[in-house]
Structures are given as C-alpha cells and as structure tokens.
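Engineer: There's a structure below that I have some questions on.
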C-alpha cells in the first residue's frame, strides 16, 4: 500500500495517493513554529567531530543542524520542540538525552518531525509526535540543491535513476506517536537499520520501508501497536530482514507487497522471522485506507519471501493472507515453522484469476484452519502449489476508526544506553552481518510494553 497524504474527512484522517506527499511533506521539512537562526555558515574549526548541545550552544535543533559538520553529534536536552527539522549533512548523529522527554511536537499542524536527506545519518533516543505526515522520514528523493523531489503523479514512477537512493541510515530508540501517515518511514533509502523503536497512532503504518532493491535494510526489535498497519514493506526487496518485532493491536500487523506507484516492481526476497503478530483487531486505531482489519501478515504480489518461526495469533480475519496485487501474483513464498493459533483462518490463499500464484509452500507450521481447507496438502515444500487462484472472500466492513491525534499515547520507553556520554556513531557499513537462521520462535510476551494509560498527549 502506498497512500501518502492525509486529508480531513468526517472527523478522521484518511490516506490518499503518493504523489502529493513527497512534494508537500518535504517542502514543509523546514517549517517551524519557532523563530531560530538558520545561517548555514559555520565557524572554522578542527576536523575532529564536535558535540553541539541544544539549547545550550544552539537555541533550536534546526540551528544546531545548520552548524553541524560530518561526524558531529547534535545532542538535545529535554524539552518540547515545536519545529520541523531537516538533516542535510552526511554522517550527523541527532540524539536526545532522554527518549521520553526530548519531544519534537508537530502540534497537529506541521508536516514532518525529522526529514533525513543525507547519507550516514543516525536519529536516536527521542520522541516525534502529532505531525500531519511523518514522524521520521529518511529518503533519497532530494536534488543537488537540497530541495526535495515532487514524487509521483500516479502515472510516473518515483525515479531512482534521477534521485539515487540515500545510502546509509539508522533510526533507533525513537518513539513515533500520532503521526498522520508513517511513524518511521524509509523511502528510496538503503543500507540501514530501524531498531528498538516504538510506533503507535499512525494513520498508515507505524514503520515503512519502500522502493529499494536491493535494500540491505534490517528492521529489528521494534514495537508497533495501535496503527492502521504495524509494518509495511512496499517494493522493498531483499536482502531485507524483519526480525523479532512486536506487531500487536493494529488493524493489520504486517504487510509485504508490490505496488505500481513505486519503482522496482515486483517485491522479492524478504525475510520475516521471529516476530510476534497478534490481536490485530484494534478498533481504537485510525482506519486503514484499503479497509484492512483483523489480519496478521499480508503478502500481496510479493515473491520469494520467507516467513520463518513467527508467532501469529488472535487475528479475527486471518493469520496470514497470500494474495495477488493487480496482475502481480504471489510466487514462491515459503512459510516454515510458524506457530499460528486462534485466528479466524490461519492461512488464507487469495490469488486472483488474473494473477494466479504458484510455488508457494508450507512446511513445519502449526496450523488449525486454512482457506481453502486443502491448501497445506497442495503446497508442500519445496515445490509448492501449482498455478492456481481462489475465489474472493466477502468480509464484513471494518469498524470505524478514530482520528490519529486521538490515539492514546504510549507508556515511557527504554533509553539508549549512555545517551548523554556515548560518542557519535554515524550510520556506516550497515546493517552488518545478519543471521535470520539464529532467530527463534518468540514468546507470547515478546517486547511486551507496560499497560497503556492516561489521556492523549498533545
């Protein structure tokens, strides 16, 4: 799913098409409710990395970033910062000293919290909330002058040849709450890590990786709950790993899909392993644009993906859905050693007559019910199912959702160790060695947060 810009309709926010986003979203990347110096000229200094402290040495985050050189650390003290910031300098580390008290707040009127258009940047240990579009956006869709690309009009691809992917990024220990599209959004970016974040209240998805092939992106140890979708990977092709995450109490837990509005069709070669994907039936969430509800894992037009040792339970429509996208079939996906329970159907095969799938295989899964019922017998590994389609299933309309700004705020989250004193580590040579074969079936309380409580934070 690729919808990207929000509009107000009948008291709730909904998603529409991709084209306007990277125009409007990124044009507003420098908008701020705070008057601050924006002079890009920094004084001469030694080549050693420096620490620029906010507000002690620079009054705003924007002012500190304007002074930063490659390798510098912008270290932000606790406070609520009413500004949108853009990181345009390579290898800068933007870090809060306290994840829960360093807050970039869009106040329900600014587009983005943090926009990263430079390589090797790390964003860590802070909170981004209440933005109309994205909490953190990492993208290579920028021109030589630092301006931002206009994106797709629905008929043309977002051109990665004209705008090469951003190379190297990290987002970690970030809390992204109540953002109108995506909490943490990596688009046209590769060689990155998204880890130990918490995303909630996103009207599209809490975490998103899109338009990269090969991606070389690792998404691990995150929590995404109370979003329309927990995690979404659109045209995000391998190597890409989604490991040991908790996707619970969303409308849809996790999707891996192909979409013609982005480059690199079809999506191929992802690994989804060791995740907890449960109870994705939450009504107190923003509505999902395509009407999805009660689904654990959805693969739409995805090919050669591996789902390994995931625990998928309590999803009211389906644990795993294998489906086509337009004329792109699901091909050669492998589901091995997953534990599925208490779903309306554990696995549902929905390839269309227009794009019948084949080569999808099942082995070693704990299953109770599939649709069609005989699907496990017809799809053994390694050969998988023969070319086939399935009748469309009618489902009840999803329940009405709530406005993203009304989703209850999450509890306090764990800190980046030694955030005040640790040296800056730019996002270089990532993600390093990844070993999905070592990832085990998760426990039902994987990364379980403390109970949600209190009123919405604005």
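Engineer: Can you tell me the alpha carbon radius of gyration of segment 337-458 divided by the globular rule-of-thumb value 2.2 N^0.38 Å?
Structural biologist: Rg over 2.2 N^0.38 Å, computed on Cα atoms: 1.60.
Engineer: Using the Cα gyration tensor of segment 268-316, with a ≥ b ≥ c the square roots of its eigenvalues, what is the shape: rounded (a/c below 1.5), prolate (a/b larger than b/c) or oblate (neither)?
Structural biologist: oblate
Engineer: Further question: What nm distance separates the two modelled labels at residue 109 and residue 353, each placed 7 Å from Cα along Cα→Cβ?
Structural biologist: Label-label distance for residue 109 and residue 353, simple model: 5.4 nm.
Engineer: Calculate the tail of P(r) for segment 187-327: the fraction of all Cα-Cα distances greater than 17 Å, expressed in %.
Structural biologist: Summing the P(r) tail past 17 Å for segment 187-327 gives 53 percent.
Engineer: Another question about this same structure. Over segment 313-456, what is the percentage of antiparallel beta bridges among all DSSP beta bridges, to the nearest 5?
Structural biologist: Taking every DSSP beta bridge with both residues in segment 313-456, the antiparallel ones total about 15 percent.
Engineer: Please arrange 82, 177 by counting, for each residue, the other beta carbons lying within 10 Å of its beta carbon, fewest first.
Structural biologist: So the ranking, lowest neighbour count to highest, is 82, 177.
Engineer: Can you bin segment 307-398 into rounded, prolate or oblate? Criterion: square roots of the alpha carbon gyration tensor eigenvalues sorted a ≥ b ≥ c, rounded for a/c under 1.5, prolate for a/b above b/c, oblate for the rest.
Structural biologist: oblate
Engineer: Would you please classify the overall shape of segment 266-354 from the alpha carbon gyration tensor, given that a ≥ b ≥ c denote the square roots of the eigenvalues, rounded means a/c under 1.5, and beyond that prolate means a/b larger than b/c while oblate covers the rest?
Structural biologist: oblate
Engineer: At 0.36 nm per residue, and after removing the present C-alpha to C-alpha distance, how many nm does the segment from residue 443 to residue 389 gain when stretched out fully?
Structural biologist: Fully extending the segment from residue 443 to residue 389 adds 16.0 nm.
Engineer: Can I ask one more? Just how far, in whole angstrom, is segment 354-385 from segment 253-283 if you go by their alpha carbon centroids?
Structural biologist: 18
Engineer: Using alpha-carbon pairs under 8 Å, 6+ residues apart, how would you state the relative contact order of segment 314-458 in percent?
Structural biologist: Dividing the mean separation by the residue count of segment 314-458 yields 20 percent.
Engineer: Same structure, new question: Please order 404, 293, 163 by the number of other Cβ within 10 Å, starting at the fewest.
Structural biologist: 163, 293, 404
Engineer: Determine, for 361, 212, the number of other Cβ atoms within 10 Å of each Cβ, and report the residues in order from fewest to most.
Structural biologist: Result, fewest neighbours first: 361, 212.
Engineer: Once R0 is set to 51 Å, what does the formula 1/(1 + (r/R0)^6) return for the Cβ-Cβ distance between residue 381 and residue 57, expressed as a FRET efficiency to the nearest 0.05?
Structural biologist: The calculated FRET efficiency here is 0.30.
All of the numbers you see were taken from the coordinates with simple rules; none came from a lab. Being a predicted model, the structure only gives us computed values, none of them experimental. Backbone-built Cβ (ideal geometry, glycine too); neighbour counts: all protein chains shown.
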